[in-house]
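The values are calculated or read from the model by the stated rules, or taken from the named source; none is laboratory data. All values derive from a computational prediction rather than experimental measurement. Positions of Cβ are generated from backbone atoms using ideal geometry, with glycine treated the same way; all protein chains shown enter the neighbour counts. All accessible areas refer to the heavy atoms of the entire protein, side chains included, with ligands and DNA or RNA removed. Shrake-Rupley method; radii C 1.70, N 1.55, O 1.52, S 1.80 Å.
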Amino acid sequence: MEPVLVVHGGGASCISCERRQRVRQGVIRAASLGHGVLRAGGSAVDAVEAAVAALEDDAEFNAGCGSVLTADGDVEMDASIMDGRDLGAGAVSAVRCIANPIKLARLVMDKTPHCFLTDRGAAKFAADMGVPEIPGEQLVTERSRRHLEKERREKGTASPDCPTNLGTVGAVALDCRGNVAYATSTGGIVNKMTGRVGDSPCVGSGGYADNCIGAVSTTGHGESILKVNLARLALFHLEQGKTVDEAAELALGYMKSRLKGLGGLIMVSRAGDWAAKWTSTSMPWAAVKGGKVHSGIDVGDTTVTDLC
Ligand SMILES: NC(=O)C[C@H](N)C(=O)O
């Protein structure tokens, strides 16, 4: 089977000219890395974990280092991962002081009888698994500090779109053996209440993967995504015979018409068809399939290059 890897760098209102090149390079780098795992015979779940960990390490995105700050000025991160082979799922929420929440979510899936650990329990599990603790300050960037200050000044004036919802990361993959997987990771929304959990760690909302259908990773206004179970809704439409483009548009359209919620999603079907769609102004994304890298940020700006 021809392997496919798609990543997103989060729904956004607009991305400044100064950041566009770095953001595009970031998603292309992560998609190429994940696709390399698939080409080497790795599983879909290994590939999405590797791609999302690379985006968590990239300070341009709201996940891992570069996460947005809570109202108390801290970083609290959410992540989830799912293996379409057996519907295995792992998630963490409100985790602090680790570099890669997606790796911790994977450990929850692989090493515990549970699907979801949070806060203190997740921190204890991370320590038990030997995940290094890092100073919280290491995850905070100058941009995220400025972003919190701006949000505090303009509180209440922002639309449900960005700047509050910026830069969550995600990946979906289909491997050579026909297995699908997704991974999603985020710092959440800026100025959120401490303890707020968004859609990203919730299976069915932040993502879903089932070998019988396909895989989805979502981004956008978390409270809206949770209410419509966006990822599972998109897969429901695919299951009902829609194309990946139609399924993505129907699910995002429902969230927008029902709740005025904006966001985006990436999707791969079990046949290897893929889509990247959004209702926010922009969403950086990249897809690798058959030696070609497709990427874009705004509607209609897709570029296709050869995979190096
Ligand atoms: N940028 C995002 O996608 C934010 C994320 N969905 C959340 O609400 O936590």
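One residue is enough: does region 269-278 have a residue meeting the conditions at positive phi and at pLDDT below 95?
To start, the set of residues in region 269-278 that are at positive phi comprises 272.
Next cut, at pLDDT below 95 only: none.
There is no residue in region 269-278 that is at positive phi and at pLDDT below 95.
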Practice task
Check off (1) touching a Gly at 6+ places or on another chain (Cβ under 8 Å); (2) open to solvent by 30 Å² or more (accessible area, probe 1.4 Å); (3) modelled with pLDDT of 95 or more for LEU259 and give me the number that stays unchecked.
Solution key: (1)
Practice task
Could you list, in sequence order, all residues of region 77-88 that are open to solvent by 10 Å² or more (accessible area, probe 1.4 Å) and not basic (Lys, Arg)?
Solution key: ASP83, ASP86, LEU87, GLY88
Problem - Residues being surrounded by fewer than 24 Cβ atoms within 10 Å (Cβ to Cβ), assigned to a loop (DSSP other than H, G, I, E, B) and in contact (Cβ under 8 Å) with a residue 12 or more places away in the chain - total across region 16-64 - result: 7
Handout entry: Filtered residue count, region 110-131, keeping only those that are open to solvent by 100 Å² or more (accessible area, probe 1.4 Å) and in contact with a Leu (Cβ under 6 Å, 6 or more places away or on another chain)
Key = 0
Exercise for the section: Output the number of the condition that SER224 fails; it satisfies all remaining conditions of (1) away from the ligand (no atom under 13 Å from the Cβ); (2) among the hydroxyl-bearing types (Ser, Thr, Tyr); (3) buried (at least 17 other Cβ atoms within 10 Å of the Cβ). Expected result: (1)
Fill in the blank from the handout: Counting only residues that are in contact with a helix residue (DSSP H, G or I) (Cβ under 8 Å, 6 or more places away or on another chain), open to solvent by 10 Å² or more (accessible area, probe 1.4 Å) and farther than 21 Å from SER67 by Cα, region 1-15 contains a total of 1
